[in-house]
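Step one of this worksheet: look at the structure below.
The values are calculated or read from the model by the stated rules, or taken from the named source; none is laboratory data. Everything numeric here is computed off the predicted structure, so don't read it as measured data. Ideal geometry is used to build each Cβ from the backbone, glycine not excepted, and the neighbour counts take in all protein chains shown.
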Amino acid sequence: MIKRLGLLVPIALIGVGLWLFIVNLNPFLAGSDTVKDTPIVNPVQEEKTTTPKKLNKEKSQEEVLYSVRPRKGEEMGELYIPKLDATLTIFHGTDEDELEKGVGHFAGSVLPGENDNSVLSGHRDTVFRRLGEVGKGDLLVVRTSAGEFTYKVRQVRIVDADDRTVIVPKPRATLTVTTCYPFQFIGDAPERYILVADMLVTKSDG
């Protein structure tokens, strides 16, 4: 009897050991499945896959429009304002050197015809002396080496001289024309007269 009990005890201990091993193994296996099912995102891959195809298309269009980008101070085209029957020369840059010669193109903005906001500036007492006569619904035509681009004014804004919303990006091809305001003000004008126009027609030289 004692001999038989001596044999059962080791067997019982082995059985308990196997049971404890299986019990502890299940959570481990469950945890492994959970980790496996959780995707590991590659930041570089995510950036590529979430880039809108439209942006790539727009970039391609921009490269086709201008194979050569203008240099600062260089004459880059002209602005024709049908309402005033005026044709004004555009220079790349908005420093005083450019604004003394004609209309300046803000170098930090896209070129005319490209998707986004192309910004032109000029003095109210020279090239834009009559800009106040231009308003909503009027046309603005820009001619450059890339072609002829026609915009229609959809908004007239009068903003503070320090307002930076004039140069913010736009979701479509936009032309923003700005000058000091009021037009008859003596000294440094406190405001800006802004024309915001959407592109309607493109006539490529290509």
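Overview of values
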{"item": "Any hit, region 122-136, residues being touching a Lys or Arg at 6+ places or on another chain (Cβ under 7 Å), closer than 13 Å to A197 by Cβ and exposed (fewer than 15 other Cβ atoms within 10 Å of the Cβ)", "result": "yes"}
{"item": "Meets criteria (in contact with a Gly (Cβ under 8 Å, 6 or more places away or on another chain), at pLDDT 95 or above and either closer than 17 Å to K83 by Cα or not assigned by TED's automatic domain parsing to the domain that holds A86 (or both)) for V196", "result": "no"}
{"item": "Among residues of region 108-129, those that are in contact with a helix residue (DSSP H, G or I) (Cβ under 6 Å, 6 or more places away or on another chain) and either not assigned by TED's automatic domain parsing to the domain that holds K83 or not in a loop (DSSP other than H, G, I, E, B) (or both), counted", "result": "1"}
{"item": "Residue match in region 157-172 (condition: surrounded by 21 or more Cβ atoms within 10 Å (Cβ to Cβ) and not aromatic (F, W, Y))", "result": "no"}
{"item": "Which listed residue is at pLDDT 95 or above and farther than 26 Å from V68 by Cα, from V119, V177, V153", "result": "V153"}
{"item": "Subset tally (residues that are part of a strand (DSSP E or B) and under 19 Å from I90 (Cβ atoms)) for region 155-197", "result": "14"}
{"item": "Meets criteria (touching a residue at least 40 places away in the same chain (Cβ under 8 Å), outside any strand (DSSP E or B) and either surrounded by 12 or more Cβ atoms within 10 Å (Cβ to Cβ) or in contact with a Lys or Arg (Cβ under 6 Å, 6 or more places away or on another chain) (or both)) for K152", "result": "no"}
